[in-house]
Every structure is written in structure tokens, then in C-alpha cells.
Amino acid sequence: MTTTVLAYFPSPPQGVWHLGPLPIRAYALCIIAGIIVALVIGDRRWEARGGEPGVIYDVALWAVPFGLIGGRLYHLMTDWRTYFGEGGAGVGAALRVWDGGLGIWGAVALGGVGAWIACRRRGIPLPAFGDAIAPGIILAQAIGRLGNYFNQELYGRETTLPWGMEIFYRRDASGMVDVHSLDGVSTGQVAAVVQPTFLYELLWNVLVFVLLIYVDRRFKIGHGRLFALYVAAYCAGRFWVELLRDDTASHIAGIRVNSFTSTFVLIGAVVYIILAPKGREDPATLRGKQAGGGPEDESPVEELAEELVVAAKGTGLVAAAEVAGSHEQEDAAAVGDVDVGDEGSAEAEQPAATEVGATEPATQPRQFRAVVRRVLWGVEIHRD
């Protein structure tokens with residue numbers, strides 16, 4: 001008679017360590033590490049495509065906070081009973097992001113809104129940014145799945161497969177023993193042997209990362225199509241992983257909500273790949289606006305003045321400002337409120353203006369712009 005020894009691997013004994021009063025959470029460390037990796041890869045790819053170095057970090061100042069908020073909101077919406085249902089953990093637990101619970105769909109959706117705001121401010125195309133950052137995002141997701149391993153969560157049904165994962169009961173500081181205790185320490189007692197679905201998704205994400213790098217180098221795709229390929233490939237893997245999971249989740253007609261989401265998002269991504277422009281963007285379009293107060297930058301007052309000038313060109317306001325300006329100069333001359341140097345220069349300029357009368361209308365917007373800037377600048381000073 002032979003005995004088969006199964007190569008089960010254990011879950012970590014704990015997911016939180018304390019440095020004095022400060023808790024060090026493995027989940028948070030994995031999320032932070034994933035974000036850093038995504039930014040480093042994204043910045044190098046953006047520069048290689050012709051973009052300005054460092055722009056990825058500027059966009060991340062908008063995208064990362066938006067993404068964290070979106071990820072948490074999606075988790076709360078799809079698992080609301082855990083927090084707001086009868087006997088739920090309550091609002092306080094809903095705000096503790098560091099305990100785990102970020103939905104990738106919400107993170108990508110709201111993070112995309114933050115990225116759109118930042119890209120618009122910098123004058124760079126959002127689809128090109130998405131193509132540059134997509135491989136980094138999927139690799140960050142793989143790193144983040146290690147946090148689920150330490151939290152002893154996102155596992156599948158019980159199994160006898162050789163690569164099954166042992167999950168243990170954990171005891172927290174209050175003495176409560178529970179498999180789902182995030183702050184507890186393993187008692188050494190095995191609660192179950194389950195499918196390590198977090199590991200399946202981690203490995204799938206790494207494969208998608210390799211696929212994206214290969215496709216991008218082989219076919220030089222752009223205009224957001226690489227980002228759409230990331231979304232489609234991730235959805236395909238997430239769909240079958242969801243079928244193996246057995247943890248608490250919201251269902252529609254007996255099917256997990258994430259399965260529906262994966263299906264619809266996958267279809268949308270494939271449609272985008274088909275309809276989006278072929279090829280890659282001109283590198284010149286990725287340079288955008290210069291940051292740091294260069295000559296291309298304008299203050300909000302100057303930008304508003306420019307918009308008012310454009311709007312006023314066809315309304316007669318420019319001509320009215322020109323007439324008002326000339327009358328103001330005549331009145332000043334009549335009361336002697338004009339410097340000699342200004343008088344001489346005005347007389348010297350008068351013949352020149354007569355000679356080039358055909359170009360006189362071109363100076364009107366310039367003078368009107370100056371008037372608007374004075375008014376707006378006065379408003380700014382008064383407000384401050």
C-alpha cells in the first residue's frame with residue numbers, strides 16, 4: 001500500500017507586525033510596492049515613446065488617490081453586507097482601507113478620471129498615457145495579490161490538489177479566534193485546504209505583463225489599444241478565477257458580480273481594440289505643456305484673458321476698447337497729464353501708424369487683452 005503525500009503550502013502565520021504602537025501591514029506594503037513598480041516602468045516606457053521624463057509621476061499625483069478611492073468604493077458597493085448589513089462591521093471598518101478590500105474595476109475607473117484630469121492639465125493624450133502605464137499596472141496587481149496571501153483572503157473552494165493552500169485559525173489580541181482575523185496570529189490549527197486563487201491570478205497577471213511587452217514591441221500599437229488589451233486579457237483571467245472562489249461576495253442570479261463585470265468590460269475592451277486608430281501616436285504629441293513656470297505657462301488670469309479676447313473679437317468689444325483707449329489718451333493730453341517722453345513717442349508713432357493703417361486692426365486685440373488683464377489682475381488682488 002502506498003501513501004501519497006500532498007505538497008500543501010501554508011498561509012503566513014500573520015499579516016501584521018507592530019513596531020511599537022505602529023502596525024506594519026503586509027497588505028499595505030504590497031500595494032505601495034506595486035504602485036512604485038508601476039510608476040518606474042511607466043515612466044521609462046513614456047520616455048521611450050517620446051514623452052517628457054517625470055510626467056508619469058505628475059499624473060500619478062492625481063491618478064493614485066482617485067484610484068484608491070475608486071477601488072474602495074467598488075469594494076463597498078459589491079460587498080456592502082459585510083459593512084452595512086445586519087451585524088456588519090460598520091462605517092469605521094469601511095474606512096479602514098489598510099485592512100484590505102480594493103476593487104480593481106473601481107480603481108481603474110476612478111483612477112482613469114484622475115489621470116484624465118492630470119493629462120488634460122499637461123496637454124498630453126490620455127490613451128497614450130494608458131498604453132505606457134498598462135504593463136506596470138498589471139504587474140502592480142500581481143504584487144498586490146501577495147497582500148491577499150498575507151491577509152489569508154481571496155482563496156477558493158476546498159481542494160485536494162497538491163498545490164492546495166492551508167489556511168489557519170488566527171487569534172487576535174482580544175483572544176478571539178477566527179480564520180478571517182486580519183490582526184491575529186496563527187494558532188497552528190489548520191482550518192481548511194483551499195484553492196489558492198490569489199496565486200492563480202498573480203501568475204495570470206505576470207503572463208499578461210509579458211504579453212503586453214511582447215505585443216507592444218512587436219506591433220507598435222498605440223492610441224489606447226495596448227491599455228484595452230490589458231483590460232481584455234485581465235478580464236479573461238479574472239472570469240475563470242472568480243468561478244473557483246468561494247468567499248463571501250454579492251451575487252446576481254447565483255453568479256458573482258465580478259463575473260458579470262469581467263464579461264461586460266471584456267466586451268467593451270475588444271470593441272475598443274477593433275475601432276481605435278491603428279499605429280502609434282506621433283512622439284511630438286506626447287511632449288505636452290512644460291511644467292515648472294516656463295515661458296509656455298500662463299497664469300489663470302492670463303488664460304482667462306486670452307479666452308475673453310477670443311470671445312470678444314467678433315462682438316465689437318475689441319473695437320470699443322480701442323476707441324476708449326484713444327479717448328483716454330486725448331483726455332489725458334488735454335489736461336496735461338502726459339509725460340513729455342510719452343508725448344514725443346506718441347507723435348513719433350502717429351505717422352508710422354498712418355503708413356501701416358492696414359495692420360492697425362491687429363493691434364486692437366492686443367490692447368483689449370491688456371485692458372482685460374488689468375481688470376482681472378485687480379480682481380485677483382482684491383480677492384487676496
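The values are calculated or read from the model by the stated rules, or taken from the named source; none is laboratory data. None of these values were measured; they are calculated from a predicted model. Note that each Cβ is placed from the backbone with ideal geometry, even for glycine, and that neighbours are counted across all protein chains shown.
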- Report whether or not PRO125 is in the same structural domain as VAL37 (by TED's automatic domain parsing), in contact with a Phe, Trp or Tyr (Cβ under 9 Å, 6 or more places away or on another chain) and either free of Cβ contacts under 8 Å to residues at least 60 places away in the same chain or not hydrophobic (A, V, I, L, M, F, W, C) (or both). no
- Message: Give me the helices (runs of 4 or more DSSP H) completely within the range 32-146, filtered to those with at least 1 residues that are closer than 25 Å to VAL16 by Cα and touching a Gly at 6+ places or on another chain (Cβ under 7 Å), ordered by residue number.
- Response: 55-78, 80-84, 104-122
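Starting from residues that are assigned to a strand (DSSP E or B) and either touching a residue at least 24 places away in the same chain (Cβ under 8 Å) or among the hydrophobic types (A, V, I, L, M, F, W, C) (or both), keep the ones in the range 189-217 and report whichever is farthest from PHE239 (Cα to Cα).
Residues of the range 189-217 assigned to a strand (DSSP E or B): 189-194.
The next check asks that each one be either touching a residue at least 24 places away in the same chain (Cβ under 8 Å) or among the hydrophobic types (A, V, I, L, M, F, W, C) (or both); those that pass are 190-194.
Working: VAL190: 29, ALA191: 27, ALA192: 24, VAL193: 22, VAL194: 19 Å.
Only one residue tops the list, namely VAL190.
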- Message: So for the range 261-274 (the condition being more than 26 Å from the chain's Cα centre (by Cα) and either acidic (Asp, Glu) or more than 14 Å from ALA134 (Cα to Cα) (or both)), does at least one residue qualify?
- Response: no
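Starting from residues that are aromatic (Phe, Trp, Tyr) and within 13 Å of the chain's Cα centre (by Cα), keep the ones in the range 108-167 and report whichever is nearest to PHE209 (Cα to Cα). Talk me through it step by step, then tell me what you get.
Here is the first cut: in the range 108-167, the residues aromatic (Phe, Trp, Tyr) are 116, 129, 149-150, 155, 163.
Then drop every residue that is not within 13 Å of the chain's Cα centre (by Cα), which leaves 116, 129.
Details: TRP116: 23, PHE129: 17 Å.
Of everything passing the filter in the range 108-167, PHE129 is nearest to PHE209 (Cα to Cα).
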- Task: State whether the residues of the range 150-161 include one that is touching a helix residue (DSSP H, G or I) at 6+ places or on another chain (Cβ under 7 Å) and of a type in the set (Lys, Arg).
- Result: yes
- Working carefully through the options LEU126, LEU95, find the one that is among the aliphatic types (A, V, I, L, M) and closer than 28 Å to ASP172 by Cβ. LEU95
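Under 15 Å from ILE133 (Cα atoms) and aliphatic (A, V, I, L, M): which single residue out of VAL177, VAL231, VAL190, VAL194 fits that description?
On the way: VAL177 fails: under 15 Å from ILE133 (Cα atoms); VAL190 fails: under 15 Å from ILE133 (Cα atoms); VAL194 fails: under 15 Å from ILE133 (Cα atoms).
After ruling out the rest, the residue left standing is VAL231.
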- Residues satisfying the stated conditions in the range 218-234, i.e. among the aliphatic types (A, V, I, L, M), in a helix (DSSP H, G or I) and more than 17 Å from the chain's Cα centre (by Cα): LEU229, ALA232, ALA233
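If you take the residues of the range 65-102 that are touching a residue at least 60 places away in the same chain (Cβ under 8 Å) and not hydroxyl-bearing (Ser, Thr, Tyr), which of them is nearest to LEU266 (Cα to Cα)? Give the derivation first.
Of the residues in the range 65-102, the ones touching a residue at least 60 places away in the same chain (Cβ under 8 Å) are 78-82, 98-100, 102.
Subset that is not hydroxyl-bearing (Ser, Thr, Tyr): 79-81, 98-100, 102.
Working: ASP79: 22, TRP80: 25, ARG81: 27, TRP98: 29, ASP99: 29, GLY100: 25, LEU102: 20 Å.
Per the stated criteria, the residue is LEU102.
Between ALA276, ALA233, which is within 30 Å of ALA48 (Cβ to Cβ), surrounded by fewer than 21 Cβ atoms within 10 Å (Cβ to Cβ) and aliphatic (A, V, I, L, M)? Walk me through it before giving the result.
Numbers: ALA233 fails: surrounded by fewer than 21 Cβ atoms within 10 Å (Cβ to Cβ).
Every option except ALA276 fails the conditions.
For the range 17-31, check the following and say yes or no: at least one residue is assigned by TED's automatic domain parsing to the domain that holds PRO127, under 15 Å from the mean Cα position of the chain (by Cα) and at pLDDT 90 or above.
Residues of the range 17-31 assigned by TED's automatic domain parsing to the domain that holds PRO127: 17-31.
Next, from what is left, pick out any that are under 15 Å from the mean Cα position of the chain (by Cα): 31.
Then drop every residue that is not at pLDDT 90 or above, which leaves 31.
Taking every residue of the range 17-31 in turn, at least one turns out to be assigned by TED's automatic domain parsing to the domain that holds PRO127, under 15 Å from the mean Cα position of the chain (by Cα) and at pLDDT 90 or above.
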- Task: Would you point out the residue of the range 62-87, among those that are among the aliphatic types (A, V, I, L, M) and touching a helix residue (DSSP H, G or I) at 6+ places or on another chain (Cβ under 7 Å), that is farthest from GLY288 (Cα to Cα)?
- Result: LEU76
- Expected output for the range 268-289 (first residue closer than 24 Å to GLY123 by Cβ, partner among the aromatic types (Phe, Trp, Tyr) and surrounded by 12 or more Cβ atoms within 10 Å (Cβ to Cβ), Cβ below 8 Å, 6+ apart or cross-chain) is LEU286/TRP46
